[in-house]
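Structure first, then comments.
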C-alpha cells in the first residue's frame with residue numbers, strides 16, 4: 001500500500017512539473033520583435049537600413065505598400081511579433097524595431113514567417129551554404145507543398161537624349177512562378193504536366209487522371225491538385 005501511495009505521489013509531482021514547464025514555455029515563446037533583433041545580433045552583424053535606396057525610382061520592390069503585422073517563428077518554436085514586409089527584389093524580409101529598419105539575416109533558423117494573411121518559408125538548395133536560398137509564399141502545406149515565387153525586375157534609367165526624356169529606374173512586376181516542395185528537397189518549378197508527373201512516381205496513375213481536369217495556369221487548380229495529392 002505504501003508503494004502504491006509512493007507511486008501516486010511521484011506521478012503527481014512529475015505531472016505538476018511538466019505542466020509548469022509547458023506553461024512557462026508557452027508564456028515566454030511569444031515576444032516582441034526587438035527580442036528577435038537581440039537574437040540575430042548573437043549570430044551575425046546586424047545593421048540598420050533606414051535609408052531608402054529606391055526613393056527616386058518608379059514603383060517599388062515590396063509586396064506590401066507598407067509594413068504590416070507579422071510573426072517570425074523559428075525552428076525552436078519561439079515567436080516574435082512585429083511590423084514586417086517582404087522586399088521582392090532583394091528577396092528579404094524586413095522588420096521594424098522602434099522605427100528602425102532591419103532585415104532577417106539568419107533565414108535558415110526560420111520555420112516560417114507570416115505577414116498579414118501570407119505565410120513565407122525559406123528554402124535553401126545548398127546545405128553547405130544556407131544563405132544561398134530564397135523566400136516562397138506557402139499556398140498549400142502538408143507532405144507536398146505548393147509554393148509561389150514573386151518577382152520584380154529593375155529597368156535601367158533612361159538617359160536624356162534629343163527627343164527622348166530622361167526616365168528614372170523602374171520596378172516592373174515579373175510573372176509569378178509556382179513550385180512543388182516534397183520533404184526537405186529543393187523546390188521544383190512547375191513547367192509542364194509531364195514534369196509534374198515525374199515528381200509523384202508512386203501516384204502516377206491517379207495524378208495523371210487528375211491533371212486532365214486542371215490548368216497549370218490557374219492558381220486555384222494548382223491548389224486543388226496539391227490538396228488532392230496530400231489526400232491520397
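On full extension, the segment bounded by residue 185 and residue 77 gains 36.7 nm, given 0.36 nm per residue less the C-alpha separation.
Between residue 167 and residue 42, the C-beta separation translates, for a Förster distance of 41 Å, into a calculated FRET efficiency of about 0.40. Quick check: from the Cα gyration tensor, does region 30-188 come out rounded (a/c under 1.5), prolate or oblate? Verdict is oblate for region 30-188. Multiplying the residue separation of residue 31 and residue 153 by 0.36 nm and removing their Cα-Cα distance gives an extension gain of 40.4 nm. Subtracting the Cα-Cα distance of residue 215 and residue 175 from their residue separation scaled by 0.36 nm leaves 12.8 nm.
Comparing Cα centroids, region 130-156 and region 185-230 end up 18 angstrom apart. Once the Cβ-Cβ distance of residue 192 and residue 134 is raised to the sixth power relative to R0 = 30 Å, the FRET efficiency obtained is 0.85.
We did not get these values from a lab; they are worked out from the coordinates using the rules stated. Fair warning: this is a prediction, and the values are worked out from it, not measured in the lab. Neighbour counts run over all protein chains shown; Cβ positions are idealised from the backbone, glycine included.
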